[in-house]
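Chemist: Provided herewith is a single structure, encoded as structure tokens, for subsequent inquiry.
Since every read-out is calculated from the coordinates, none of them should be taken as a lab result. Owing to the predicted nature of the structure, the values given are computational and were not obtained by experimental measurement. Quick reminder, even Gly has a Cβ in these numbers, built from the backbone with ideal geometry, and neighbours come from all protein chains shown.
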């Protein structure tokens, strides 16, 4: 643990650690995330933290009380043919009683200064939903700039079906699958497939021993606090009181599959794989992250229906701040990592 900032007059200190405490997890799981369309608490975060390659856990204390948190995931990726320190910033929030006090702005500012002092060539990025006004204000105040738009799309299948052509990837095909992904995403920067690829949860659709679709799965859990609109009213107020329907949706323990490292040759194969994997996990919802103006991503975004959970579908911005890294070298299409989904 390292203290990177102190203000004795206000009783403030910011700690930078490679380990998380039970207090940190409890704090993170009790913050209400999301925007006006959908608000939720995240569950099982200790498991998700293990998906990060090299995480840093930031804690801000005010008068010795944990008041704000953030997480930074450290990667070493190729940018403009040079290995570069890249940091994904996420899950920053404050205690509900301390909102609008500027604590997140101070924390992000000091963390950014610390990273740039430590790493002379570095880049930090974060994803902010377009309707999340407070988070957008923080990144803009701390010098981040909007870089790319992406879409969060949800597919809902009440009766997902199995498929004999869908299965876990064979470990023997790991390297060939990574090559297929690298080829599909060769024009994208921030590609971390080689570091995040996990064949133990990578599913494929194969015909005649040819992989036609594939993606990696990460199970996520939410406790939904509120959902806007008529669909939200139906799900939270009515579905939960109807014996048969409530088995499909429990807002207090809502599980879904986040999918990433996506590959497909045709969208029909992708759709079959998505249905088969949901059937395998007995989960009715998949969520994927894609770039709004990418011809590849737009295909699977369109394929994913906008059913009862359309309130979960959102547009967001990728914000970036760099230290001696030219943003023009990043190109138009950044790669969206499956580990960047919390």
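Chemist: Of the DSSP beta bridges with both residues in the chain, give the percent that are antiparallel, rounding to the nearest 5.
Modeler: Numbers: 78 of 86 bridges.
DSSP beta bridges in the chain are roughly 90 percent antiparallel.
Chemist: Further question: Obtain the nm distance between the two label points defined at residue 184 and residue 298 by a simple spin-label model: each point lies 7 Å from its Cα along the Cα-to-C-beta direction.
Modeler: 1.8 nm
Chemist: Calculate the spin-label point distance for residue 194 paired with residue 282, positioning each point 7 Å from the Cα along the beta-carbon direction, and give it in nanometres.
Modeler: A separation of 4.0 nm, rounded to one decimal place.
Chemist: 222 nm [θ] for the chain, helices only, -39500 (n - 2.57) per DSSP H run of 4+, per residue, to 500?
Modeler: Calculated from helices alone, the mean residue ellipticity at 222 nm is -7000 deg cm²/dmol.
Chemist: Rounded, prolate or oblate, given the Cα gyration tensor of the range 1-57, with a/c below 1.5 counting as rounded?
Modeler: Numbers: a/c = 2.52, a/b = 1.37, b/c = 1.85.
Oblate.
Chemist: Another question about this same structure. Between residue 146 and residue 131, what length comes free when the chain is fully extended (0.36 nm per residue of separation minus the Cα-Cα distance, one decimal in nm)?
Modeler: Working: separation 15, 0.36 × 15 = 5.40 nm, distance 1.42 nm.
Difference between extended and current length: 4.0 nm.
Chemist: Where does helix 267-281 land angle-wise versus the long Cα axis of the chain, in degrees 0 to 90, nearest 10?
Modeler: 80 degrees
Chemist: Compute the helix-to-body angle for 103-118: its Cα long axis versus the longest principal axis of the chain, expressed 0 to 90° and rounded to tens.
Modeler: Value to nearest ten degrees: 90.
Chemist: I'd like the orientation of helix 174-184 relative to the chain: the angle between its Cα long axis and the longest Cα principal axis, in ° from 0 to 90, rounded to 10.
Modeler: With both axes taken from Cα atoms, the answer is about 80 degrees.
Chemist: Based on the mean of other beta carbon atoms within 10 Å per residue, what is the order of 194-200, 132-138, most packed first? Before the final figure, lay out each step's value.
Modeler: On the way: 194-200: 14.9, 132-138: 16.9.
Top of the packing list down: 132-138, 194-200.
Chemist: So if R0 is 25 Å, what FRET efficiency would residue 170 and residue 219 give, r being the distance between their Cβ atoms, rounded to the nearest 0.05? Present the calculation step by step, with values, prior to reporting the outcome.
Modeler: Working: r = 22 Å, r/R0 = 0.87.
Once the sixth-power term is evaluated, E becomes 0.70.
Chemist: Just rank 252, 189, fewest to most, by other beta-carbon atoms within 10 angstrom. Let's see the in-between values first.
Modeler: On the way: 252 11, 189 19.
In order of increasing Cβ crowding within 10 Å: 252, 189.
Chemist: What is the distance in Å between the Cα centroid of the range 1-30 and that of the range 203-217?
Modeler: The two parts, judged by their Cα centres, are 43 Å apart.
Chemist: If you don't mind, another one. What Kirkwood Rh does the range 79-187 have if only Cα atoms enter the pairwise 1/r average? Answer in Å. Mind showing how you got there, number by number?
Modeler: Working: mean 1/r = 0.0548 Å⁻¹.
Result for the range 79-187, one decimal place: 18.2 Å.
Chemist: Could you work out the per residue convex hull volume over the alpha carbons of the range 2-149, in cubic angstrom? Could you put the intermediate results ahead of the total?
Modeler: Values: hull volume 18.3 nm³, N = 148.
That works out to 124 Å³ per residue.
Chemist: Same structure again: Run the numbers for residue 32 and residue 17: contour at 0.36 nm per residue of separation, minus the present Cα-Cα distance, in nm. Mind showing how you got there, number by number?
Modeler: On the way: separation 15, 0.36 × 15 = 5.40 nm, distance 2.33 nm.
Between residue 32 and residue 17, full extension yields an extra 3.1 nm.
Chemist: Right, here's the next one. Using only the alpha-carbon atoms of the chain as identical scatterers, what base-10 log of I(q)/I(0) does the Debye formula give at q = 0.11, 0.12 Å⁻¹?
Modeler: After summing over all Cα pairs, the log10 values are -0.75, -0.90.
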